[in-house]
Amino acid sequence: MSAANKDAKIGLPGMLLNLPVFLYIISAALVFLPSRMSERVTMSNPVAFLFVLTFCIVFFWVKLGGKGDKRQAKDIGTVVLTFFLLWEVITTKLDRLPYIFVPAPENVFYSYIQLWDYMLSGLARSMYLLLTGFIASLVLGVSLGIAVGWFPRLRQAVFPIAKAISTVPAIVYGPYIVVIMPTFTTASILVIFFGTFWSTFMNMINRVGTIDARIINTAKVLNVNTRTMLFSIIMPYTLPRIINDMSVALSISMMTLTFAEMIGADRGIGYFVRRSLDYANYTQAFAGIFFIAVVITVLQVFIAVLKKKLIKWNY
Amino acid sequence: MSGIEIQELSLVYKTGREKFLALDNISTRIEDGEFICVVGSSGCGKSTLLGVLEGLMTPSSGRVLIDGKPIHGTGPERAVVFQQYTLFPWMNAIQNVIFGIKQVRRDLSAKQLEDTGMEFLQKVGLKDFMYKLPGEMSGGMQQRVAIARALAVNPKILLMDEPFGAIDAKTRLTLQEMLLKLWAEDEKKKTVVFVTHDIDEAILLADKILFMAPKRISHEIPVTMPRPRDRDSMYDNKKFRDLRNKLVILFYNEVKEHIGGEEVFL
Ligand SMILES: Nc1ncnc2c1ncn2[C@@H]1O[C@H](COP(=O)(O)OP(=O)(O)OP(=O)(O)O)[C@@H](O)[C@H]1O
Ligand SMILES: [Mg+2]
């Protein structure tokens, strides 16, 4: 971020006279023009689509008025709104694509209004599986990794084994876990758990083994006991990297979850998408996929905020 | 018997198949309250010797007694200041100091810890920087915090391995003065073992200089100049100049031996 960018105060004209706002106005106006697609498909109420467009522009204004990079905000706003505009024009307005496969934005977003309770309960269910498996894997992987990494003999024995196991993706033996576990819930939590456990565990062992000797010596001469060494010295020292790895681990967990829901679930957002695809209801499938993207983004933003709050030092 | 006693101490580094004798049968005594400087050329084993005293290294043979008892590992009667990166980067100044106290004084309340932490940061002149992270402080300030942390546990013995080695000359003078003042103001003086390869620094600080030839202590040189010592007038003092010359010659011969007895011009 350059100084000029930071200091420049954006006045009202600056907020209103730019490409994203222009695109927003065009898209919103287009919604009210006659549609060709409506000759073949029942069009839903555009209110949800208008809401999404408005949300985009408000979010853009927030970013534009904020401290971040303004040019980046404009570029992203332009790309996103151009996408919506093209989508609206090509489907609803001109009907240039097979309407079954490429649904209109009005209909996709209206699905949320029609199915909100169904989708929310699916989300709750998925988040329950995801977060249980992910958090268990994180907590156990980090703490076991620290403990094993601290004792050289244990570390040398366990590290190669963990490394070997971590190369096998959990979804390879996922179906087997689904077969042997009594319920689908425990099975999918376990698959999600193993999806990230081995790599978290292995990375942690490695980090403890390669930690700066000066930090360890300083702690030793302060006469810390083993518990303090592990959890007040090594843990905070490695925290920045733990959090960095968290966002990768979260994406892997989400993938594993979607996979698990596709093989055996009867609810959840992954299941919602699969069932919509099975019934060739691409409108709902689109809605489900957007929904998943938004959920992951929100979780990733949460991790970024966590990192900013926790890590005030750099090393 | 009080004080530090080093008895027939040897240490061998083993790296793979290779063995390297770093300390060869060292014996000496350090009295309570003495300020000792260890000087010697690079690689002669100063840090290794201090490592044994710190308890971070185990001797291959021989032992170290403190007040008649052999040491095993680190201990609360000893505090250490290393050369660099000695603060925990995620803790601010006062948290670093408090962390040190907490490890040996589990009985103190949060308030007492805070007060003691503040007291010692004030002593090293950092009252206004209590909440700064190490990354936001200069090297000199970080060493001040490290000294405050070492002193705050009220150790009997203070071990310092080139604590000012990475600090610019001007700041170094201030820190030497500060250290001397803090050492002198105690009723019952701490025993200090201070490694340096700055001869002037050693003469300014020490009661006794241990000069190390590789692997052993070759000379024990008492520094009898009265305290408080003043750096500016010290250079006019004949005793100082004689001592300094003696040490420079020791260093010089040391270097000469090192490269095979050929004539060297420094
Ligand atoms: N971990 C190690 N393994 C093998 N040899 C070592 C190790 N640490 C030090 N040595 C060797 O032992 C000798 C003494 O090292 P030491 O660090 O004690 O020297 P020093 O007097 O502190 O030197 P300097 O003034 O450069 O700090 C050196 O020759 C060094 O190469
Ligand atoms: Mg050294």
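How many of the residues in region B:75-93 are at pLDDT below 95 and β-branched (Val, Ile, Thr)?
Looking only at that region, the number is 1.
Here are some conditions: (1) closer than 15 Å to residue B:141 by Cα; (2) part of a helix (DSSP H, G or I); (3) within 9 Å of another protein chain (Cβ to nearest Cβ). Residue B:97 meets all but one. Which one does it not meet?
Only one criterion is unmet by residue B:97, namely (3).
Does residue B:167 qualify as being more than 14 Å from chain A (Cβ to nearest Cβ) and without any contact (Cβ under 8 Å) to a residue 60 or more places away in the chain?
Judged against the criteria, residue B:167 is a match.
Among the residues of region A:217-237, how many are crowded, with 20+ Cβ neighbours inside 10 Å and either away from chain B (no Cβ under 14 Å) or not in a loop (DSSP other than H, G, I, E, B) (or both)?
6
Right, residue A:236: free of Cβ contacts under 8 Å to residues at least 24 places away in the same chain, closer than 23 Å to residue B:135 by Cα and either in the same structural domain as residue A:160 (by TED's automatic domain parsing) or in contact with a strand residue (DSSP E or B) (Cβ under 7 Å, 6 or more places away or on another chain) (or both) or not?
In short, yes.
Which members of region B:144-176 meet the condition of being within 16 Å of ligand 2 (Cβ to nearest atom) and either part of a helix (DSSP H, G or I) or among the aromatic types (Phe, Trp, Tyr) (or both)? Working first, answer last.
We begin by selecting, within region B:144-176, every residue within 16 Å of ligand 2 (Cβ to nearest atom); these are B:159-167.
Answer for region B:144-176, where residues must be within 16 Å of ligand 2 (Cβ to nearest atom) and either part of a helix (DSSP H, G or I) or among the aromatic types (Phe, Trp, Tyr) (or both): just B:164.
I'm checking my understanding of the structure. Among residues of region B:100-119 that are of a type outside the set (A, V, I, L, M) and within 7 Å of another protein chain (Cβ to nearest Cβ), which one is farthest from residue B:151 (Cα to Cα)?
Per the criteria, the residue is B:103.
Considering (1) under 15 Å from residue A:141 (Cβ atoms); (2) within 12 Å of chain B (Cβ to nearest Cβ), say which one residue A:252 fails and leave the rest.
Just one mismatch for residue A:252, condition (2).
When you look at residue A:241, is it farther than 20 Å from residue A:196 by Cα, surrounded by fewer than 16 Cβ atoms within 10 Å (Cβ to Cβ) and within 14 Å of chain B (Cβ to nearest Cβ), yes or no?
Working: farther than 20 Å from residue A:196 by Cα: no; surrounded by fewer than 16 Cβ atoms within 10 Å (Cβ to Cβ): yes; within 14 Å of chain B (Cβ to nearest Cβ): yes.
No; evaluated as a whole, the condition is false for this residue.
Across region B:201-226, what is the number of residues that are away from ligand 1 (no atom under 16 Å from the Cβ) and part of a helix (DSSP H, G or I)?
3
What number of residues within region A:91-149 are of a type in the set (D, E, K, R) and under 17 Å from residue A:276 (Cβ atoms)?
2
Might you check whether a residue that is under 29 Å from residue B:34 (Cα atoms), within 14 Å of chain A (Cβ to nearest Cβ) and out of contact with any Lys or Arg (no Cβ under 7 Å at 6 or more places or on another chain) occurs anywhere in region B:57-69?
So far as region B:57-69 goes, yes, one or more of its residues are under 29 Å from residue B:34 (Cα atoms), within 14 Å of chain A (Cβ to nearest Cβ) and out of contact with any Lys or Arg (no Cβ under 7 Å at 6 or more places or on another chain).
Suppose we keep only residues that are surrounded by 18 or more Cβ atoms within 10 Å (Cβ to Cβ) and away from ligand 2 (no atom under 16 Å from the Cβ) within region B:54-69. Which one would you say is nearest to the chain's Cα centre (by Cα)?
Here the residue is B:55.
Which number in (1) more than 16 Å from ligand 2 (Cβ to nearest atom); (2) more than 30 Å from residue A:231 (Cα to Cα) marks the one condition that residue B:13 misses?
Condition (1) is where residue B:13 drops out.
Take region A:34-59 and flag every residue that is hydroxyl-bearing (Ser, Thr, Tyr) and exposed (fewer than 13 other Cβ atoms within 10 Å of the Cβ).
Scanning region A:34-59 gives A:42, A:54.
Applying the selection to region B:146-195, what residues are aromatic (Phe, Trp, Tyr) and over 28 Å from residue B:43 (Cα atoms)? Write out each step before concluding.
Applying the first criterion (aromatic (Phe, Trp, Tyr)) to region B:146-195 yields B:164, B:183, B:194.
B:183 - this is the single residue of region B:146-195 that is aromatic (Phe, Trp, Tyr) and over 28 Å from residue B:43 (Cα atoms).
Note down all Cβ pairs under 6 Å where the first residue falls in region B:207-230 and is at positive phi, the second is small (Gly, Ala, Ser) and within 16 Å of ligand 2 (Cβ to nearest atom), and they're at least six residues apart or on different chains.
From region B:207-230, the pairs are B:215/B:45.
If you take the residues in region B:177-199 that are away from ligand 1 (no atom under 16 Å from the Cβ) and assigned to a helix (DSSP H, G or I), which one is surrounded by the most Cβ atoms within 10 Å (Cβ to Cβ)? Let's see the steps before the verdict.
Applying the first criterion (away from ligand 1 (no atom under 16 Å from the Cβ)) to region B:177-199 yields B:177-192.
Within this subset, residues satisfying the condition of being assigned to a helix (DSSP H, G or I) are B:177-184.
Numbers: B:177: 15, B:178: 16, B:179: 24, B:180: 17, B:181: 11, B:182: 17, B:183: 19, B:184: 11.
For region B:177-199, the residue satisfying everything is B:179.
Output the residue which, of all residues in region B:19-50 that are without any contact (Cβ under 8 Å) to a residue 60 or more places away in the chain and within 6 Å of ligand 1 (Cβ to nearest atom), is surrounded by the fewest Cβ atoms within 10 Å (Cβ to Cβ).
Among those that are without any contact (Cβ under 8 Å) to a residue 60 or more places away in the chain and within 6 Å of ligand 1 (Cβ to nearest atom), it is B:20.
Would you check if residue A:139 is modelled with pLDDT of 95 or more and either over 30 Å from residue A:88 (Cα atoms) or buried (at least 18 other Cβ atoms within 10 Å of the Cβ) (or both)?
Considered against the rule, which asks whether it is modelled with pLDDT of 95 or more and either over 30 Å from residue A:88 (Cα atoms) or buried (at least 18 other Cβ atoms within 10 Å of the Cβ) (or both), residue A:139 comes out as yes.
Is it fair to say residue B:125 is part of a helix (DSSP H, G or I), touching a helix residue (DSSP H, G or I) at 6+ places or on another chain (Cβ under 7 Å), away from chain A (no Cβ under 12 Å) and over 18 Å from residue B:190 (Cβ atoms)?
No; evaluated as a whole, the condition is false for this residue.
Under the condition of being surrounded by fewer than 21 Cβ atoms within 10 Å (Cβ to Cβ) and at pLDDT 90 or above, which residue from region A:200-209 is nearest to the other protein chains (Cβ to nearest Cβ)?
This residue is A:207.
Conditions tested, residue by residue: (1) within 10 Å of ligand 2 (Cβ to nearest atom); (2) of a type outside the set (A, V, I, L, M, F, W, C).
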{"site": "B:31", "(1), (2)": "no, yes"}
{"site": "B:34", "(1), (2)": "no, yes"}
{"site": "B:44", "(1), (2)": "yes, no"}
{"site": "B:52", "(1), (2)": "no, no"}
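Just to be sure before I move on: is residue B:68 of a type outside the set (Ser, Thr, Tyr), under 21 Å from residue B:183 (Cβ atoms) and away from ligand 1 (no atom under 13 Å from the Cβ) in the structure I sent?
No.
Where residues in region A:245-273 are farther than 19 Å from residue A:113 by Cα and more than 19 Å from the chain's Cα centre (by Cα), which of them is surrounded by the most Cβ atoms within 10 Å (Cβ to Cβ)?
A:265
State whether the residues of region B:78-94 include one that is away from chain A (no Cβ under 14 Å) and away from ligand 1 (no atom under 16 Å from the Cβ).
Yes - at least one qualifying residue is present in region B:78-94.
The values are calculated or read from the model by the stated rules, or taken from the named source; none is laboratory data. Everything numeric here is computed off the predicted structure, so don't read it as measured data. Note: ideal-geometry Cβ built from the backbone for every residue, glycine included; neighbour counts use all protein chains shown.
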